[in-house]
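Participant: The structure that follows is given in the form of structure tokens.
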Amino acid sequence: MQDVVFIFFSLAAGMAAGVGMYAAAFIGTGAVGAALLLLSRLGSLAQKRREYLLLLSYLPVAGEEAPYLQVFKTYCTTHQLISVKSYEGSEEHELSFHVHLRKEEQADELIQGLRQAPGVQNVNLFFDEEYVA
């Protein structure tokens, strides 16, 4: 969001300078810059994001609920399955999730909990800057 503000404002300031309205370009740049600085210091533009992309390899057991779901309930407020990939000749599944952590500092605990879950073999957790809730 903040990037879009900078792009449109730079276009407006450039057009103002291009038509000879230098005072408007300088004053506008200073005012918008001060407003963005103030808003970022107050935290309204710089919200803490806790969305992550989680990839895990899982060997399912027929008839049982996946044990990683209990770990999600402990460390995540929400989780959304994005994709399931299976390999020919193997029963292993590669699962991709968007997860929203309860507390950002619990990322390591989430990884350790998933590694200890039966059937889970590989765990990768990525900060997902493109994800918009």
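Participant: Which one, Leu37, Ser86, Ser57, is farthest towards the positive end of the dipole of the chain when Lys and Arg carry +1 and Asp and Glu -1 on their Cβ?
Facilitator: About the Cα centre, the residue reaching furthest to the positive side is Leu37.
Participant: For the range 51-127, which semi-axes, largest first and in whole Å, follow from the square roots of 5 times the eigenvalues of its Cα gyration tensor?
Facilitator: Each semi-axis is √(5λ); the values are 21, 13, 11 Å.
Participant: Moving to a separate point now. Here are labelled values, [x] 48; [y] 13; [z] 52, and one is the computed percent of Cα pairs over 25 Å apart for what I pasted. Which one?
Facilitator: Comparing each candidate, only [x] matches the computed number.
Participant: Name the most mobile residue of Arg102, Arg115, Arg41, meaning the one with the largest mean-square fluctuation, in a Gaussian network model of the chain with Cα contacts below 10 Å.
Facilitator: Arg41
Participant: What is the distance in Å between the Cα centres of the range 10-26 and the range 61-111?
Facilitator: The range 10-26 and the range 61-111 have Cα centres separated by 51 Å.
Participant: Another question about this same structure. Going by how many other beta carbons lie within 10 Å of each one, how would you line up Leu125, Leu38, Leu54, fewest first?
Facilitator: Starting with the residue having the fewest Cβ neighbours, the order is Leu38, Leu125, Leu54.
Participant: Any idea how far apart Leu59 and Lys73 come out in nm if each label point goes 7 Å out from Cα toward Cβ?
Facilitator: 2.5
Participant: Work out how much length Leu42 to Val84 would gain on full extension: take 0.36 nm times their residue separation and subtract the Cα-Cα distance, in nm to one decimal.
Facilitator: Gain on extension, Leu42 to Val84, equals 11.1 nm.
Participant: How far apart, in nanometres, would the label points at Asn122 and Tyr22 be if each is projected 7 angstrom from Cα along the Cα-to-Cβ direction?
Facilitator: 6.0
Participant: GNM on the chain, C-alpha springs below 10 Å: top fluctuator among Val99, Val120, Val61?
Facilitator: The residue that fluctuates most here is Val61.
Participant: Further question: Work out which helices of the chain, taken as complete DSSP H runs, extend at least 27 Å along their axis over the Cα atoms and score a mean Kyte-Doolittle of 0.5 or more, then list them.
Facilitator: Details: long enough: 22-42 (30 Å, 1.56).
Span-like helices in the chain: 22-42.
Every read-out reported here was derived from the displayed coordinates using simple, explicitly stated rules and does not represent laboratory data. Being a predicted model, the structure only gives us computed values, none of them experimental. All Cβ positions, glycine included, derive from the backbone under ideal geometry; neighbour counts span all protein chains shown.
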